[in-house]
Every structure is written in C-alpha cells, then in structure tokens.
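The values are calculated or read from the model by the stated rules, or taken from the named source; none is laboratory data. Since the structure is predicted, the reported quantities are computational estimates derived from the model, not experimental observations. Cβ placement follows ideal geometry from the backbone for every residue including glycine, while neighbour counts extend to all protein chains displayed.
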C-alpha cells in the first residue's frame, strides 16, 4: 500500500528548483547576472516579499518559501562547496606565481579595508569585537560574481583580471581564519581571559586539522585511484561528495566550521592528479547550492526596512564602495599597475561579497553583533552586489579611456598598400588566417592579412607575409585596406562580437562584396547569414564533418563516396542555415560565378 505524500513537505524544494531551473535561465537570457537573479527571486518569494501576503492570499503559499530556515542547511552546504572548490584552485604553484599580488596587493587590501571600515563601525558605537567582524566582513568581495563577470567578458587573463583574481584569492584564504575568529570570540562567556580561550581553541583546531591532513594524505589518493579504476562516473561523484561533506562534518564536530574542513579537503585534492576531474564533478552541485545560498540572502532583504532607512543603507553602500575602491586603486598604483588596470580592479573589488553574510550572521548567532545593525549593514552589502554588473561595465569603459596607447613595433606601423589593386582581405592572422593565406598563395590569389594583435603582425611581417596592424571593425580602416576594390573579405577571428561588427561594417561599405566568415556554431552562422555574409563556416559542423569523413574512410568506404556525402551534407546545412532568397544578400554576377 502506497503511503500518502504531503506536498507541503517538498514545496520549498520545488520552489528552489523552479528558481534555479526556470527563472534564473530566463533572467540570464535577458543578460541579468545569475546571482542577482537568485537574490531578486529570494526577495520576491521570501517572507518579506510575496510570502508576507500568504495570510491574505493563501494561494501564494504554493509559490513562496514558507520556511526560510529550512534552506539554512543547503545554504551552508553551498558555502562549504564554494570553499572546497577554492581549495582545489589554490594550488601551491599558482600561489607562488602570483605571490606578489596575492600576499602584497591582496593582503594590503584586506587589512587596510578592515581597519578603515572597522574604525568607522567602532566610532559609530559598535563594540570592539563587533566592529572587527564588520570590518573584515565588509573588506571581502564577491568571488562568485566577480569571477563570473570577468569570465563572461573574457577578462580573466587581462591585467585587471589577474589583479582582481589575486585579491580575491587572498580574501578567500582570509575567510578561514576569520570564521575561526568568530567561533573563538563567540565561545567566550565572560569567564576567563580571551587569550586563554584563544590558545585553547587554537590547540583544538590544530589537533583537528592535523588529524584531517594526516588521514587525508594517506587515504585520499588511494581512494580516488580505486574509484577511478571502476570507470564509474557515479562512484567518482559519490566519492567527491563524500570527501567534501565528510571532511566538513569532521571539522564541525571538532568545533570548527564545515567550510574550513571542506577547504582543507580541496587543498589536499589539489595536489593529486584527480583535481580537474573533481572540479568538473563538483561544479553542478556547487552552482546549485551557491544559488540556494544567494536565494536565502535575498529572502533576508526586507523592503520595509529599506523604505524605513533608505539613506542609511545607501550611505553604507556608497561608503563601502568608495572606501574599498580608493584603497585598491592606491595599492594597485603603489604596486606599479597602470591607471587603467588599477581603476578597473578597484571598481570590481569595491562592492561587498557573499562572505559578509556568512561572517555577520555567524556573529549574530554568537551574540557578538546585534540583529539590527547586522541587517542594516547587510542591506548595504546587498545593494553593492546588485549594482556590481553595472559597475563592471563602467569599470571597463573607464579603463579603456585611461588605457595607454599601444606602443607598436616598427613592423606593425606599416600601412596597407594604397595601389587600388584587387585583392582578398583576410581578417585575423592566427592559425586559421595563416592557413587561409597559404591556400590563397598556392592558387596565386593576391591578399593581405589584418589583425589587431601587434606582436602577431610583427612576426608575420618578419616572415615576409603581407600583414598589417589595425581594427577591422572600423569602416575607415577597411577603406584604408582597399575594401572598395577587394575581391573578397574572409573573417577568420574567433571573437563573435568582432566577427559581427566586421561583417556589418564591410557590408555597409560594399553591398556586393563576397564575405566568408568563421562562425562559432550553427546559431551564430544563421545570424551571420542574416546580417549579410555569403558563406558562414560553423566550427562545430565543420569539425563533425571532418571527423565523419576520416571515420568513414577508415571504415573502408570509398573516398569518392565519402567526399560526395560530406559535400551533400554541408550543402544541406548551408541551405538550412541560410535565410530565404528574398532575405539573402544579392550578389553580383561575377561573385555568383566564382562560387559555382
């Protein structure tokens, strides 16, 4: 006999999954940051949002979270998973490579920001312990949001991206002793000195960490070797979750935080050959649980409180951002970073982060900080985090204005020939562009290569290639390259926005020009056909066709049949991706004849 099921037991979980699986992807399609979307959904569906109207409109109970406390456990797991992944990424080699920025710029930012913010909190009447925790909590930035924004804009490897990431690494390392500090301060009941309690807690923590490290070093590698030998992804996933959560629970049993145990587990696994596989395995769980954490953060936002004290919250948000940004900018300049890099890093690091909620809520639970000042401060932190995507755009725009013009080598200063000769223009001098150029040479078709990478252009010119420096998205530069007389434009770069901008600029100048462009995938190819290319070459489709060709030949199918089949399939894809004849760009007769 089947047991009865109470839907209310699972309702909160369904709301969370709906948020993660439906609402957040929809928000991302509208270019809204996923973390901001989670926080907004939490504020909307929480007890201070629609959940506050359940008594008046009972139907709202089906789409709101009735018990935010029920999400506390998953939120804590999300923080533990975040620290676990941070531990995986903090390899000794990376720290050594970035030690100057991590332990110089990063440590300076944490200490100075904590000191300045803590001093303000103390001057406003907070006790010394509370002011200290507020200072360090607000000194931390949002690793999750900053890394996501930098990665989305492909800025992680830029100077500003490396500087920001170095500061974030130091902040993430600082979280561990700060969590320990909160637990030690909270354990003091007034009897006995703080120093004695601190020594006792340090001994207890050292013993627990030593046991975890000793057992982990002996057991983790053999465990994952055994699991990997089964060739079972499910077993590997279970072992990864067991290590992350099990180590966290051991640390929690010893009086430490789960996050500290998970962080140590990540550090130990970073030294093994299974590190990359573990990162891939843990990513979906981490993303979902971090989303739950930010959902609970949003549920703690009280619109009535915001309306009651808007100027105080706005003042905290502005003061926090200005203080941290000025300190980061000054430290960055002291470490001899350029003004553009220092400004972009300062704006990215200026807002608060998720660990402010962890530290301040922990301080409230330990009765080190009152609920009212904590709520007020965290509301200001939330405001800076919501503004971070817009601040990231502002940072990039301002850094471009401050950027020092590129000092070009002599080879890159050569202008394109102004002889009005008909030649093809290859945009992009990378490996794809070089191969296209060699094919044009083989068939004795004149061409030039243009690229915005000065070092690449210099190398090609030294090798005797007709390469020239410039930005192909600029119509004036395309005219300078002889676009009006060009026989074709071949776009080989892999930057989707740059490809689109180049095609649009060229098509506006030459409606009759043959344009062939490299596409990221079928969707990008379809878009390129819509904006005027004659042929788009999707990387994914071409790779699959070449793999199929090699496989069929290897299986004994005659080469002629294979080539015919591949060409037929390519024509089918092209017909499917192209718009209708009415919408397709009109080609001149000589261009059509060349394509036949």
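Structure above, values below:
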{"quantity": "Some residue of segment 330-338 being more than 14 Å from residue 105 (Cβ to Cβ) and in the same structural domain as residue 79 (by TED's automatic domain parsing)", "calculated": "no"}
{"quantity": "Residue 543 being assigned by TED's automatic domain parsing to the domain that holds residue 427, in contact with a helix residue (DSSP H, G or I) (Cβ under 9 Å, 6 or more places away or on another chain), surrounded by fewer than 16 Cβ atoms within 10 Å (Cβ to Cβ) and in a helix (DSSP H, G or I)", "calculated": "no"}
{"quantity": "Helices (runs of 4 or more DSSP H) enclosed by segment 103-167 - at least 1 residues per element that are out of contact with any strand residue (DSSP E or B) (no Cβ under 7 Å at 6 or more places or on another chain), surrounded by fewer than 18 Cβ atoms within 10 Å (Cβ to Cβ) and modelled with pLDDT of 90 or more", "calculated": "107-123"}
{"quantity": "Any hit, segment 333-340, residues being under 22 Å from residue 145 (Cα atoms) and either modelled with pLDDT of 85 or more or assigned to a helix (DSSP H, G or I) (or both)", "calculated": "yes"}
{"quantity": "Residue 11 being at pLDDT below 75 and surrounded by fewer than 16 Cβ atoms within 10 Å (Cβ to Cβ)", "calculated": "no"}
{"quantity": "Matching helices (runs of 4 or more DSSP H) fully within segment 425-514 where at least 1 residues are free of Cβ contacts under 8 Å to residues at least 40 places away in the same chain, surrounded by fewer than 15 Cβ atoms within 10 Å (Cβ to Cβ) and in contact with a helix residue (DSSP H, G or I) (Cβ under 9 Å, 6 or more places away or on another chain)", "calculated": "475-480, 496-509"}
{"quantity": "Search result, residues across segment 521-573 that are out of contact with any strand residue (DSSP E or B) (no Cβ under 9 Å at 6 or more places or on another chain) and closer than 15 Å to residue 503 by Cβ", "calculated": "530, 531"}
{"quantity": "Residue satisfying condition, being at pLDDT below 80 and touching a helix residue (DSSP H, G or I) at 6+ places or on another chain (Cβ under 8 Å), within set 210, 244, 254, 239", "calculated": "254"}
